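Below: the structure, in structure tokens.
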Amino acid sequence: MSIQQLTEKLKLGAFYTALLEQETQPAYSDLPFEKRVQMLLEAEALERDNKKIQRLLKQAKLPDRSANISEINFTPDRNLDKALMLDLAGGNYLKYFRNIILNGSTGVGKSWISQAYATKAISMGYSVMYLRVPRLMQYLQSIRGDEEYLKYLARLKRINLLILDDFGVSPLKAAEARDLLEIVEDRVNQSSLIITSQLPIKEWHGYLHNATIADAILDRVVHNAYKIEIDGPSQRKENAKKVMK
Ligand SMILES: Nc1ncnc2c1ncn2[C@@H]1O[C@H](COP(=O)(O)OP(=O)(O)OP(=O)(O)O)[C@@H](O)[C@H]1O
Ligand SMILES: [Mg+2]
């Protein structure tokens, strides 16, 4: 077999492309053999990492991929604990299967910050899925009782970081609270959650109306979570002001 055929068989496309590059550039011939092999392997490793990140980004279905930790607005009116938030971006919460709860009124940037954490997690190789709770509930309702229901829950279970955006915006039915319990139960000591909500955490118990299910959900999610309360004005208004200037 030729080198081309062998690299195709072994799925070493980037290795082969880098080899062709080395063959066309005479400067490479001065480098030691081991160094040249190392460079080919590095090209292949880089290509694979990039492909993985592209795959993870596609799977995450983030509405806004531009959100970035380095652009979080830490003005004093927002009362954010910068050290904690930057530390979280380092990803230890993912390693230890802890959760993040982002609270605050409309427009303060909860969804945006959750997506900044999501892109950071993806860059570290974690799988992410972004879901809005109202849509998730509608979808689970439509497949409840089908084989698809268990398959979908199994799919969510495999995701390292699940983002549940807009928790608490619309009333929850008892069956929906049970769905939620299934989802959070699957994640205990296995994976992380970021939940964004306008509803203060102290109101979650009442919102989840059935006390037993509420206790079970809160015990699994809240006690294990970093809680970030965002104050200050709506970033929508702030952005609109900037555009008008
Ligand atoms: N640090 C930031 N840099 C740039 N834009 C930002 C930043 N934070 C938030 N935004 C923008 O501000 C707007 C409001 O943010 P976001 O949608 O995250 O608010 P929210 O708290 O999720 O609101 P809601 O509760 O209504 O869902 C969005 O258009 C978002 O892109
Ligand atoms: Mg939002």
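The values are calculated or read from the model by the stated rules, or taken from the named source; none is laboratory data. This is a predicted model, so every value here is computed, not measured. Note: ideal-geometry Cβ built from the backbone for every residue, glycine included; neighbour counts use all protein chains shown.
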If you check L84, L94, L88, L102, which single one turns out to be under 12 Å from I228 (Cα atoms), touching a helix residue (DSSP H, G or I) at 6+ places or on another chain (Cβ under 9 Å) and in a helix (DSSP H, G or I)?
L88
Looking at this structure, is T75 loosely packed, with under 12 Cβ neighbours inside 10 Å, under 19 Å from I195 (Cα atoms) and within 12 Å of ligand 1 (Cβ to nearest atom)?
no
Go through the residues of region 90-110 one by one and say whether even a single one is touching a Ser or Thr at 6+ places or on another chain (Cβ under 7 Å), of a type in the set (K, R) and closer than 23 Å to A240 by Cα.
yes
Within region 46-66, identify whether any single residue is outside the structural domain of R158 (by TED's automatic domain parsing), out of contact with any Ser or Thr (no Cβ under 6 Å at 6 or more places or on another chain) and more than 30 Å from L193 (Cβ to Cβ), and answer yes or no.
yes
Quickly run through region 95-115 and pick out the residues that are closer than 21 Å to R158 by Cα and buried (at least 20 other Cβ atoms within 10 Å of the Cβ).
N99, I100, I101, S114, Q115
Would you be able to say whether some residue in region 134-142 is among the charged types (D, E, K, R) and either assigned by TED's automatic domain parsing to the domain that holds D49 or at pLDDT 95 or above (or both)?
yes
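Within region 15-27, can one find any residue that is surrounded by fewer than 13 Cβ atoms within 10 Å (Cβ to Cβ), among the polar types (S, T, N, Q), outside the structural domain of I195 (by TED's automatic domain parsing) and not in a helix (DSSP H, G or I)?
Taking every residue of region 15-27 in turn, at least one turns out to be surrounded by fewer than 13 Cβ atoms within 10 Å (Cβ to Cβ), among the polar types (S, T, N, Q), outside the structural domain of I195 (by TED's automatic domain parsing) and not in a helix (DSSP H, G or I).
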Check region 175-184 and report whether any residue there is within 16 Å of ligand 1 (Cβ to nearest atom) and either at positive phi or crowded, with 16+ Cβ neighbours inside 10 Å (or both).
no
What is the one condition in (1) in a strand (DSSP E or B); (2) crowded, with 20+ Cβ neighbours inside 10 Å; (3) away from ligand 2 (no atom under 16 Å from the Cβ) that Y226 does not satisfy?
(2)
Flag for S191 being out of contact with any Asp or Glu (no Cβ under 9 Å at 6 or more places or on another chain), within 15 Å of ligand 1 (Cβ to nearest atom) and not aliphatic (A, V, I, L, M)
no
